[in-house]
Amino acid sequence: MTTSIEGFPRDQLRWLIGIEDTCVYPAPGSTMGPLNEFALTGHDQNWREDLAAAARLGATGLRYGVSWPLVHVAPGRFDWSALDERIDVAVNELGLTVIADLVHYGTPTWLAGSFADPGFPDALADFAGAFAERYRGTVDHITPLNEPITTTSFCGLRGVWPPALTGWDGWTTVAVGIARGVQRSIAAIREANPAAVVVHVEASQLYETADESLRDEVELLRSLSTLPTDLILGKVDAGHPSHDWLAANGATPERLAELRAGAPAIDLLGVNYYPDLTPRILEEVDGITRQVTANRWAGGLREVLLRWQERYGMPMLVTETSIEGTQQVRRDWLEAATATVRSLHGDGVDVRGLTWWPLLDFVDWSFASGGRNVEEFVLHPETSHDATAETFADPAAGVTPFLRRMGLLDLTENEDGSLRRTPTEAADVFPREAAALSEGM
């Protein structure tokens with residue numbers, strides 16, 4: 001197990017901030033519009049202010065998206081102009097350690113089949129290698145692809161984002177494609193920059209039910225929650241509990257053998273957890289199974305980190321956490337999450353730090369789908385702090401009805417459509433919590 005990781009020492013916790021960077025562009029003719037959070041939140045116009053805010057709040061690191069669909073303009077062609085300037089400011093002016101988020105749910109539109117395209121693995125590897133070469137020594141911490149499990153749900157199971165596949169065979173197609181792409185991209189990164197730190201980021205999931213008839217479905221979802229990571233790490237052999245399920249849903253022996261042979265080394269295991277969204281309760285309503293969120297607060301974070309530590313035995317980093325709600329709710333969760341990570345670290349759990357995600361409120365993903373809820377869950381009215389989450393508006397009316405109140409900085413829409421940033425109570429205490437966290441054991 002790796003113990004020495006550049007920028008993330010074992011004996012000192014790090015405090016990071018992320019800026020929501022979902023970047024999905026559908027093919028022409030799609031019923032879905034573009035979903036570019038940097039544009040929707042005004043970050044493209046206010047990036048200097050936003051990066052400075054992250055540093056001012058006491059973060060030592062920044063998870064930052066590189067907008068693959070926009071940078072990789074054609075096979076072998078890249079437009080680094082915007083990224084060059086932003087990375088220079090973040091690293092050389094503000095002193096932030098940047099963890100580059102190469103893929104956040106979207107691929108270039110010239111990849112007609114997106115994550116299911118036969119050319120996807122090599123395209124991602126080309127981009128990853130080019131990025132690692134260009135920014136070697138400046139950005140050495142790289143996430144090849146954010147949240148494979150979420151990507152497979154939206155892109156392979158439920159047909160929300162390209163390639164808009166559905167069903168478990170679609171899930172399997174996307175999961176296997178992603179695993180192949182991540183493996184090849186890690187190889188390309190290490191070839192271009194041997195000093196690179198690979199940060200694999202995955203969403204955690206907690207499932208339960210009180211309905212005995214749904215026990216098998218809960219067990220399936222639990223097994224799938226770590227399956228993309230197992231595929232990437234080459235752990236799916238004939239004895240793996242999900243091997244036969246994958247084969248039954250279209251994973252060929254050749255592809256699974258390729259993934260076993262291509263197992264890469266991961267330096268940091270990034271775990272994403274939201275106290276009011278990660279835990280789900282399955283229930284049946286009118287003959288249809290649905291997932292309802294449940295708030296497990298700090299107990300859920302502790303459970304998730306202990307589970308991932310036991311399963312993979314790697315150094316971990318909480319790469320996303322926050323909560324939707326009032327400023328007080330966000331402040332309370334900031335304090336609870338920090339205390340939990342410090343406690344686990346003190347007990348010997350190899351967690352290296354915590355990331356508040358996002359710096360800014362962001363625009364709900366339903367905005368790009370005409371106001372249609374695209375999540376795989378519904379919010380529980382008593383455990384969710386967002387009273388408006390089930391109300392969807394017309395995107396033509398502006399972004400205000402779609403703003404998710406999860407940021408350290410609140411966004412408010414001006415008459416001209418621009419968005420001003422206002423610090424929250426959580427932002428006021430963030431420097432204190434960052435200092436407390438960095439005290440370590």
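Structural remarks
- Value at 222 nm in deg cm²/dmol, rounded to 500, when DSSP H runs of n ≥ 4 in the chain each add -39,500 (n - 2.57): -11000 deg cm²/dmol
- Between Arg56 and Asp11, the distance separating the two model label sites (each 7 Å from Cα on the Cα→Cβ line) works out to 3.5 nm.
- Simple spin-label estimate for Thr31 and Arg136 gives 4.8 nm between the two label positions (7 Å along the Cα-to-Cβ direction from each Cα).
- Placing +1 on the Cβ of every Lys and Arg and -1 on the Cβ of every Asp and Glu, with no other charges, gives region 50-95 a dipole of roughly 180 debye about its Cα centre.
- Counting charges near Pro253 (Lys, Arg +1; Asp, Glu -1) among other residues having Cβ under 14 Å from its Cβ returns a value of -2.
- Once the Cα-Cα distance is subtracted from the 0.36 nm per residue extended length, the Val73 to Val285 segment shows a gain of 71.8 nm.
- Dipole magnitude for region 82-156: about 100 debye, using +1 per Lys or Arg Cβ and -1 per Asp or Glu Cβ, origin at the Cα centre.
- Relative protection proxy for 13-20, 30-37, from highest mean packing down: 13-20, 30-37 (other beta-carbon atoms within 10 angstrom).
- Residues with amide H under 5 Å from that of Glu283, placed H, sequence gap 5 or more: Arg290, Val292
- Extending 7 Å from Cα along the Cβ direction at Ala187 and again at His243 yields two label points whose distance is 2.2 nm.
- Distance histogram in 10 Å bins (all Cα pairs of the chain, percent per bin): 4, 22, 34, 29, 10, 1
- Beta bridge orientation in the chain: antiparallel %, DSSP, nearest 5: 30
- In a reduced charge model with +1 at each Lys and Arg Cβ and -1 at each Asp and Glu Cβ, region 14-438 shows a dipole moment near 980 debye about its Cα centre.
- For the pair region 407-424 and region 280-336, the centres of their Cα atoms are 27 angstrom apart.
- Sorted peptide list for 338-347, 242-251, criterion being average Cβ within 10 angstrom, highest first: 338-347, 242-251
FYI, it's all coordinate maths here, none of it is from the lab. Model, not experiment: these values are computed from the prediction. Neighbour counts are summed over all protein chains in view; Cβ atoms, including those assigned to glycine, are modelled from backbone coordinates with ideal geometry.
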